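Scroll down for the structure; my scribbles are underneath it.
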Amino acid sequence: MANSKYEYVKCFEAGDEVMYPNIIVVQIDGRDFGSFSEKQGFEKPNDEKALNLMNACAIKVLENFSDVIFAYGFSDEYSFVLKKETTFYERRASKILSIIVSFFSSTFVTKWKEFFSQKDLSVPPSFHSRVISCASMEVLQAYLLWRQTECHTSNLYNTCLWKLVFSGKSEKEAKEILKGTQKQEKNELLFQQFGINYKDLPQIFRQGSCAIKIKVEDIVKYRENGTPVKRPRKKAVIVHSENIATKGFWNNYSCLTEELGLLAEGINKIKPEYLRSFQFESKLMLSTWIVVRIDGCHFHRFCEDNGFQKPNDEQALNLMNSCAVSLLEMFKDIIFAYGVSDEYSFVLKKESLLYQRRSSEIVSAIVSLFTAMYAMKWKEFFPEKDFKEPPYFDGRSVCYPSSEILRDYLAWRQVDCHINNQYNTCFWLLVKSGKSRTEAQSSLKGTQTQEKNELLTQFGIDYNALPIMFRMGSSVFQDKDELTGNDKVVVEHCNIIDTCFWKEHPRILNEEEPLLTILRPHSNKMLRLS
């Protein structure tokens, strides 16, 4: 980050490190997936292709992140278990949950055509994610038992429900028939009315799926005489088991006992309320501006792999802006966004109650949807390119107590945009002129703004004449359409450090209206978040 007088705003960022040696589990689940499934025409009660797509995404997560050693999933949900000794992103909950949900979302879009070759994605898929901090192996064991029990219970119910619907009942009638029924009664209904033995249904429906790393011998090369040279490596595979929370299952896979520890012989059914108490969650302070900032992960490598122009690729920036516009259109609580390079900051209105102000849900929804949009819109901006690896982002949320401090935050990001862009412009001109990267860095070390401008003039470049998007970044907000008078989301490249911008657009921060209160009208009680 560049140095500026606005850097004090970093002190508002709160730490969220998961205490060692608690075991970190990241649970993701589909956001509005009932609607998504309807629009994509998924089969009921289970779409095997959709489940296999979820499994393929889980495999990719295990392959990409070495600290993730086990995952369990069913329906639109997956839980990823990190090794006990992990220092992945310094065990910061927001980083871990946002990176995994972003990578999963991007992979879901990327792999879609492998499983649905005849269907186009009509809407972007997105997921929520949260961290569960398991204080012991017993808690992890109870958590896995809870999720697999939920898989069985929900699948048995949904199988009965949709069989009744397909037989002519309305959904309301089917739900009434199943109301209050127990497991045995549902099994009898399936067998007597539809000739189905529940235990004969595919394992993937009844038991869910495990993504796990196993040791295999892999051919790395061939000797001159043609004989293969093998080396042991870990390979992620999908397995199915009736009871994943048992000592017998656990001991079959050495990576689980080595990286996590041993399970107990058996465990009794645990109430969900007990397990939810281990959810690593915080609610963001009321009556404060919420900013969610997302940053590209390993985007230097991503840019190299995809041949982005240096120091700025206009199409790549327009893709980022297009995704930001989509988010403002989908989340009405986002009232402003500012982006530069592979970064975007989304500002939620001060009185927002989005997801009851739960940080993990807000961050994961925004970063997941942004990533999915980025992958889906890629071909609009790069029709001749296919990205090699899925793009993904991390995210965090920060609360700012006043509009003045919020504006200072945005000023900090715009100053950073200017300093970094000026440096990168000089750096890549030096590299393209024949200097090595090390030589270019050495030439620029310790130089000030004026010195860099003078260097640019040597190449015939007036810095202030460069495209304004490169120098000032992009601002996205709701504005009036001059032709229709209706609100629309616009992208502008302007000076947001200058107070004139905010005076010209008082609606953005609601500064043309009286200050809002968090008290209900005619009540002296504080607004309660459930």
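The values are calculated or read from the model by the stated rules, or taken from the named source; none is laboratory data. Predicted, not measured: the structure shown is a model, and the values here were computed from it. Cβ atoms come from the backbone with ideal geometry, glycine included; neighbour counts cover every protein chain shown. Each accessible area value is taken on the protein alone, full model and side chains, heavy atoms only, with ligands, DNA and RNA left out. Shrake-Rupley method; radii C 1.70, N 1.55, O 1.52, S 1.80 Å.
The residue that is farthest from the chain's Cα centre (by Cα), among those in segment 472-527 that are at pLDDT below 80 and open to solvent by less than 90 Å² (accessible area, probe 1.4 Å), is Ser523.
Here Leu410, Leu348 are screened, and the one residue that is buried (at least 23 other Cβ atoms within 10 Å of the Cβ), free of Cβ contacts under 8 Å to residues at least 60 places away in the same chain and under 20 Å from Ala324 (Cα atoms) is Leu348.
The single condition among (1) open to solvent by 30 Å² or more (accessible area, probe 1.4 Å); (2) within 17 Å of Met54 (Cα to Cα); (3) not charged (D, E, K, R) that Phe116 does not meet is (1). Of the residues Ile294, Ile270, Ile290, the single one that is in contact (Cβ under 8 Å) with a residue 12 or more places away in the chain and farther than 29 Å from Ala71 by Cα is Ile290. Condition (residue is in contact with a Leu (Cβ under 6 Å, 6 or more places away or on another chain), in contact (Cβ under 8 Å) with a residue 12 or more places away in the chain and hydrophobic (A, V, I, L, M, F, W, C)) applied to segment 205-219: is it met by at least one residue? Taking every residue of segment 205-219 in turn, at least one turns out to be in contact with a Leu (Cβ under 6 Å, 6 or more places away or on another chain), in contact (Cβ under 8 Å) with a residue 12 or more places away in the chain and hydrophobic (A, V, I, L, M, F, W, C). Applying a threshold of 8 Å to beta carbon distances and a minimum spacing of six or more residues, or different chains, the list of pairs starting in segment 374-399 at a residue that is within 23 Å of Ile96 (Cα to Cα) and not assigned by the TED database to the domain that holds Gln315 and ending at one that is of a type in the set (Val, Ile, Thr) and open to solvent by 20 Å² or more (accessible area, probe 1.4 Å) is empty.
Within segment 333-344, residues that are within 21 Å of Ser403 (Cα to Cα) and of a type outside the set (S, T, N, Q) have Cβ atoms under 7 Å from residues that are open to solvent by 30 Å² or more (accessible area, probe 1.4 Å) and at pLDDT 95 or above in these pairs: Asp333/Lys349; Asp333/Leu354; Ile335/Lys349, counting only partners at least 6 apart in sequence or on another chain. One residue alone among Ser322, Ser326, Ser397 is of a type in the set (S, T, N, Q), within 20 Å of the chain's Cα centre (by Cα) and crowded, with 22+ Cβ neighbours inside 10 Å, and that residue is Ser397.
The test for being surrounded by 11 or more Cβ atoms within 10 Å (Cβ to Cβ), modelled with pLDDT under 85 and farther than 14 Å from Ala71 by Cα holds for Lys230. From the list Asp76, Asp16, the one residue that fits, being within 20 Å of the chain's Cα centre (by Cα), under 23 Å from Lys283 (Cα atoms) and open to solvent by 20 Å² or more (accessible area, probe 1.4 Å), is Asp16.
Looking at Ala465, is it out of contact with any Ser or Thr (no Cβ under 6 Å at 6 or more places or on another chain), exposed (fewer than 15 other Cβ atoms within 10 Å of the Cβ) and of a type in the set (Gly, Ala, Ser)? Judged against the criteria, Ala465 is a match.
For segment 442-455, enumerate the residues that are open to solvent by 70 Å² or more (accessible area, probe 1.4 Å) and in contact with a helix residue (DSSP H, G or I) (Cβ under 7 Å, 6 or more places away or on another chain). Once the filter is applied, which keeps residues that are open to solvent by 70 Å² or more (accessible area, probe 1.4 Å) and in contact with a helix residue (DSSP H, G or I) (Cβ under 7 Å, 6 or more places away or on another chain), segment 442-455 yields nothing. Taken together, Glu329, Glu304, Glu343, Glu314 contain a single residue that is over 29 Å from Ile419 (Cβ atoms) and not basic (Lys, Arg), which is Glu329. Only a single criterion out of (1) under 18 Å from the mean Cα position of the chain (by Cα); (2) acidic (Asp, Glu); (3) open to solvent by 60 Å² or more (accessible area, probe 1.4 Å) is not satisfied by Asp295, namely (3). Among the residues of segment 353-374, those that are surrounded by fewer than 22 Cβ atoms within 10 Å (Cβ to Cβ) and on the phi < 0 side of the Ramachandran plot comprise Leu353, Leu354, Arg358, Glu361. Would you point out which residue out of Lys44, Lys60 is more than 19 Å from the chain's Cα centre (by Cα), open to solvent by 20 Å² or more (accessible area, probe 1.4 Å) and in the same structural domain as Arg147 (by the TED database)? Sole residue among the options that is more than 19 Å from the chain's Cα centre (by Cα), open to solvent by 20 Å² or more (accessible area, probe 1.4 Å) and in the same structural domain as Arg147 (by the TED database): Lys44. When you scan segment 195-203, do you find a residue that is outside the structural domain of Phe74 (by the TED database) and farther than 30 Å from Asn64 by Cβ, even just one? The answer is no; no qualifying residue exists.
Of the listed requirements (1) assigned to a helix (DSSP H, G or I); (2) at pLDDT 95 or above; (3) under 30 Å from Ala58 (Cα atoms), Ala211 misses just one: (1).
Looking at segment 412-425, can you tell me whether even one residue there is touching a strand residue (DSSP E or B) at 6+ places or on another chain (Cβ under 8 Å), assigned by the TED database to the domain that holds Asn312 and among the aromatic types (Phe, Trp, Tyr)? Taking every residue of segment 412-425 in turn, none turns out to be touching a strand residue (DSSP E or B) at 6+ places or on another chain (Cβ under 8 Å), assigned by the TED database to the domain that holds Asn312 and among the aromatic types (Phe, Trp, Tyr). For segment 359-418: of the residues being of a type in the set (Asp, Glu) and part of a helix (DSSP H, G or I), which is farthest from Arg91 (Cα to Cα)? Out of the qualifying residues, it is Glu380. Highlighted here are the strands (runs of 3 or more DSSP E) found entirely within segment 59-141 that include at least 1 residues which are at pLDDT 95 or above and among the charged types (D, E, K, R): 77-82, 127-134.
Pull up segment 153-174, narrow it to residues that are β-branched (Val, Ile, Thr) and closer than 13 Å to Tyr198 by Cα, then point me to the one that is surrounded by the most Cβ atoms within 10 Å (Cβ to Cβ). If we take residues in segment 153-174 being β-branched (Val, Ile, Thr) and closer than 13 Å to Tyr198 by Cα, then Thr159 is surrounded by the most Cβ atoms within 10 Å (Cβ to Cβ). When Trp146 is tested against (1) outside any loop (DSSP other than H, G, I, E, B); (2) open to solvent by 20 Å² or more (accessible area, probe 1.4 Å); (3) farther than 19 Å from Leu256 by Cβ; (4) of a type outside the set (Asp, Glu), exactly one condition is not met: (3). Can you say whether Asp394 is at pLDDT 95 or above, closer than 21 Å to Cys303 by Cβ and of a type in the set (D, E, K, R), as far as the supplied structure shows? Considered against the rule, which asks whether it is at pLDDT 95 or above, closer than 21 Å to Cys303 by Cβ and of a type in the set (D, E, K, R), Asp394 comes out as yes.
Within segment 299-306, not a single residue is outside the structural domain of Asn321 (by the TED database) and either surrounded by fewer than 14 Cβ atoms within 10 Å (Cβ to Cβ) or within 30 Å of Lys349 (Cβ to Cβ) (or both).
Taking (1) within 35 Å of the chain's Cα centre (by Cα); (2) loosely packed, with under 13 Cβ neighbours inside 10 Å; (3) among the small types (Gly, Ala, Ser) in turn, Ser241 satisfies each apart from (2).
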